[in-house]
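The values are calculated or read from the model by the stated rules, or taken from the named source; none is laboratory data. Treat the numbers as computed from the prediction; the structure is a model and nothing was measured. Don't worry about glycine lacking a Cβ; one is built from the backbone with ideal geometry, like all the others, and counts go over all protein chains shown.
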Amino acid sequence: MKSILIILMLLSAYVYADLSTQDIENMVDKIYKKRTGITLGNISDIEDPFVRIEIEDNVTKVIAMTEIQFFLKGIMNNRAYINDKWYDINDIVSGYTLKHVGKKGIVLMRDNQIKKVLLRKETNADIITVEGR
């Protein structure tokens, strides 16, 4: 059985080894060619990726997106204590949907954005353990 396996491996290596030395040299030459990147003049033409909000005469324009901070302080019975409030799975937390509650953290999702929030390590005085009977 082992000899058949070895023969098959050698045969597949022979069949799929179709690169010549010229092909390898061409690949190496492509790697060593100097690549052109973006010039400093083109950088000023790039659109700003950050969103901005400006308010003028009761008209609101977008200026900047702020990062929402989540503080996970506890997990119990598939519920999460986030920003001083308890949430169940599929609840909305600041525009994000709570998708998963694990032992050490949670997963929040909005559109195609996924945020993982882990429990912060606290002092032992803050941890309560209940022993079984």
- Message: Against the definition (surrounded by 10 or more Cβ atoms within 10 Å (Cβ to Cβ) and at pLDDT below 85), how does I68 come out, yes or no?
- Response: yes
- Item | Lone qualifier among R79, R52 - being surrounded by 11 or more Cβ atoms within 10 Å (Cβ to Cβ) and either at pLDDT below 75 or within 16 Å of V107 (Cβ to Cβ) (or both) | R79
- Query: List, please: which pairs have Cβ atoms under 7 Å, are six or more places apart or on different chains, and start with a residue in segment 26-52 that is hydroxyl-bearing (S, T, Y) and end with one that is surrounded by 10 or more Cβ atoms within 10 Å (Cβ to Cβ) and not in a loop (DSSP other than H, G, I, E, B)?
  - Reply: none
- Message: Pull out all pairs, ordered by first then second residue, where Cβ-Cβ is under 7 Å, the residues are six or more apart or on different chains, the first lies in segment 77-94 and is at positive phi and outside any strand (DSSP E or B), and the second is of a type outside the set (S, T, N, Q) and modelled with pLDDT of 90 or more.
- Response: N78/I89; N78/V101; N90/L98
